[in-house]
Amino acid sequence: MTRLHGVNVAMCTPFTHTDQRLDEGRLYSHIDYLIDAGVHGIVMNSGTGEFAYMDDAEALAIAAKGAAHIA
């Protein structure tokens with residue numbers, strides 16, 4: 001098993017201002033920014049406590065979109 005190393009960040013999940021849905025464009029932009037900055041790992045759905053307000057399906061969908069974008 002690979003051990004965690006380097007810089008691992010808890011990323012904030014961007015939502016739209018009007019209807020509080022995932023802002024996919026900003027999600028992908030923020031992921032790209034973090035990767036370009038040299039982070040080694042990204043933890044989705046965890047940055048500012050937003051996970052407490054998401055249901056399981058929403059959290060899984062956000063994590064899947066983020067992982068697909070990184071891959």
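All of the numbers you see were taken from the coordinates with simple rules; none came from a lab. Please read these numbers as outputs of a predicted model, since none were measured by experiment.
Here are the numbers for the structure shown:
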{"quantity": "Extended-chain gain in nm, criterion 0.36 nm per residue less alpha-carbon gap, Ala57 and His5", "calculated": "15.8 nm"}
{"quantity": "MRE, 222 nm, helices only [DSSP H, n ≥ 4, -39500 (n - 2.57), over the chain, to nearest 500]", "calculated": "-12500 deg cm²/dmol"}
{"quantity": "Under the Debye formula (equal points on every Cα, no solvent term), log10 I(q)/I(0) of the chain at q = 0.19, 0.20 Å⁻¹", "calculated": "-0.77, -0.85"}
{"quantity": "In Hz, Karplus ³J(HN,Hα) per residue of region 40-48 (6.51, -1.76, 1.60; θ = phi - 60°; x = Gly, Pro)", "calculated": "9, x, 10, 9, 7, 6, 9, x, 10"}
{"quantity": "Nonlocal amide H pairs with Cys12, under 5 Å, H built at 1.01 Å", "calculated": "Gly47"}
